[in-house]
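Right, one structure below, let's go through it.
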Amino acid sequence: MSEESRAVANGKHRVVPTKRYFVSSSPGGGWAIFREGEPRALHCLPRKITALETARTMARFTAPSQVIVEQEDGSYMLQFDFDAGASV
C-alpha cells in the first residue's frame, strides 16, 4: 500500500473530485463556459480570450480543477490543471 493510500485509509486526507470547466463556442455566437455535468452555461462571453480568462479564474478558486478549451469542431485544443493548495 502506498503512503498516500495509507494516509487516505487513516482519514488524514480527503479525496476531492476534480471540477472540470469547458470553454466552447456558443451556438448563438461567442464563447460559453460550462461546468461538467451541468447543462446550462455558467457564462457566455463574446471573445474566446475573455471566456478563457474567466474559466481559469473560476478554476483557481475551486481547485483541484481543470479548464478544457474546445475548438469550434468540438475537439480539445488546450487543457489547464489547477491543483489544490496552489497559489491564487
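Summary of computed values
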quantity: Tally of residues being exposed (fewer than 12 other Cβ atoms within 10 Å of the Cβ) and closer than 19 Å to P17 by Cα across region 58-86; calculated: 6
quantity: Residues (touching a Cys at 6+ places or on another chain (Cβ under 9 Å) and either closer than 15 Å to Q66 by Cβ or surrounded by 14 or more Cβ atoms within 10 Å (Cβ to Cβ) (or both)) located in region 21-53; calculated: S26, G30, W31, A32, I33, A51
quantity: Restricting region 1-20 to residues that are surrounded by 10 or more Cβ atoms within 10 Å (Cβ to Cβ) and at pLDDT below 75, the residue that is nearest to V67 (Cα to Cα); calculated: V16
quantity: I68 part of a helix (DSSP H, G or I) and modelled with pLDDT of 85 or more; calculated: no
quantity: Region 54-88, residues that are over 9 Å from the mean Cα position of the chain (by Cα) and among the β-branched types (V, I, T); calculated: T54, T57, V69, V88
quantity: Top-ranked residue of region 21-53 - restricted to ones that are among the basic types (K, R) and outside any helix (DSSP H, G or I), ranked as nearest to the chain's Cα centre (by Cα); calculated: R35
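The values are calculated or read from the model by the stated rules, or taken from the named source; none is laboratory data. Bear in mind the structure is a predicted one, so any value in this text is a computation, not a measurement. Virtual Cβ from ideal backbone geometry, glycine too; neighbours counted across all protein chains shown.
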